[in-house]
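Notes for the one structure printed next.
The values are calculated or read from the model by the stated rules, or taken from the named source; none is laboratory data. Please read all numbers here as calculations on a predicted model, not as lab measurements. Heads up, the Cβs are rebuilt from the backbone with ideal geometry, glycines too, and the neighbour counts pull from every protein chain shown. Please note that ligands, DNA and RNA were not included when accessible areas were found on the heavy atoms of the full protein model with its side chains. Shrake-Rupley method; radii C 1.70, N 1.55, O 1.52, S 1.80 Å.
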Amino acid sequence: MKLNLQNPFKSDLKRPILISGPCSAESAEQVMETCVNLAKYNVNMLRAGVWKPRTRPNNFEGHGTPALEWIVNAGKATNLPVTIEVATAKHVMEALEAGIDVLWIGARTTVNPFAVQEIADALKGVDIPVMVKNPINPDLELWLGAFERLNNSGITKLAAIHRGFSSYEKGKYRNEPHWEIPIELKRRFPELRLICDPSHITGDRQYLLEVSQEAMDLNYDGLMIESHRDPSVALSDAKQQLTPDALGEMMKKIVLRKVSTENAQFNNKLEELRSKINKIDDQIVDILSERMKVARDIGTYKKENNITILQPSRWDEIIMKKLEQSKNKGLSEKFITELFQSIHNESIMRQNEIMNG
Ligand code: PEP
Ligand code: MN
């Protein structure tokens, strides 16, 4: 489906569009003090959680309805638009009534088509920007489905927020970035504004700068970063929040690079390097095709001799040899492992076709 998209942000905003505010609205004073301080830096929109989706009950779940006014007041005091997370039709109604400027759908809601549909239905005939966080599982189609449901309700001012994906195995960050997913989203819908949420990707303030920088180098439109007047006493996501001053300092360190240039010398050199890459990519495709042909021949031969497709010791031998061979060649273990897993999987599928039709 083609998406009907309009810019959800004020057209004069420059990259990076910065959305900030506390994870949770904890009191009128906490919201006001944090937001007034944020307004000293180049913050373009204020955020705060009113209803908090928590993994376990008995954690702080937000103050709900009374907190709407705290955020609206902070917006008025700073002359900045405000955004909150909505997860149900009731949240939508209350947010609209309170005068919230922009809505966002959280990661735990985007996974649920019923919930997204309920929100989309509640927004029929309403002209309000909506930002959609990626679903917690790495599923681009589910993320897209949310944009389609909102579009079907007439919502065109849409933005995507990339906040990373859950995985059972714990890595460096709280959530796996899976950069390839937002990159593919942007490839399919170049006009869709894309915001990175390094707070929920990293779960840890010490990594906010590196992920923000990476997002800007991938040409994201903006950042959503949680900020609290005193993160040490935050009722949710304490480890990942920054004071407004620390956020201001961090933003100064981000290097903003241009998407392109008129510089002919640079463009010529880039062309030259790209044509090298194109040649290598051609060779990769030819070599892979050749490899798959041999894999199919092996499949035929195994079938004639009634031998199973997978020989675990052979697969182990391949992967160990390739890891050894790629040492000291500027190729990471993770990359080589994933690459050969993918190649091996494809070979198995081809052989399975031959054996079982
Ligand atoms: C949040 O932004 O505070 C939040 C709950 O985020 P997510 O939906 O990404 O977990
Ligand atoms: Mn949070």
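This table checks each residue for (1) modelled with pLDDT of 95 or more; (2) polar (S, T, N, Q).
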{"position": "Leu209", "(1), (2)": "yes, no"}
{"position": "Asp237", "(1), (2)": "yes, no"}
{"position": "Lys258", "(1), (2)": "no, no"}
{"position": "Ile277", "(1), (2)": "yes, no"}
{"position": "Glu290", "(1), (2)": "yes, no"}
{"position": "Lys293", "(1), (2)": "yes, no"}
{"position": "Thr300", "(1), (2)": "yes, yes"}
Inset, instruction - Quick one: which residue in Ile254, Ile225 is away from ligand 1 (no atom under 16 Å from the Cβ) and open to solvent by less than 60 Å² (accessible area, probe 1.4 Å)? - result: Ile254
Inset, instruction - Please go through segment 334-344 and pick out each residue that is under 27 Å from the mean Cα position of the chain (by Cα) and either open to solvent by less than 50 Å² (accessible area, probe 1.4 Å) or of a type outside the set (A, V, I, L, M, F, W, C) (or both). - result: Lys334, Ile336, Thr337, Glu338, Phe340, Gln341, Ser342, Ile343
Legend entry - Single residue of Asp197, Asp204, Asp217 found to be of a type outside the set (Phe, Trp, Tyr), touching a residue at least 24 places away in the same chain (Cβ under 8 Å), more than 22 Å from Ala39 (Cα to Cα) and within 16 Å of ligand 2 (Cβ to nearest atom): Asp204
Inset, instruction - Inspect segment 282-305 for any residue being farther than 28 Å from Gly357 by Cβ, open to solvent by 80 Å² or more (accessible area, probe 1.4 Å), among the basic types (Lys, Arg) and not in a loop (DSSP other than H, G, I, E, B) and give the result as yes or no. - result: no
Inset, instruction - Tell me, please, whether a residue that is away from ligand 2 (no atom under 16 Å from the Cβ), more than 18 Å from Arg229 (Cβ to Cβ), touching a helix residue (DSSP H, G or I) at 6+ places or on another chain (Cβ under 6 Å) and assigned by TED's automatic domain parsing to the domain that holds Ile136 can be found in segment 67-74. - result: yes
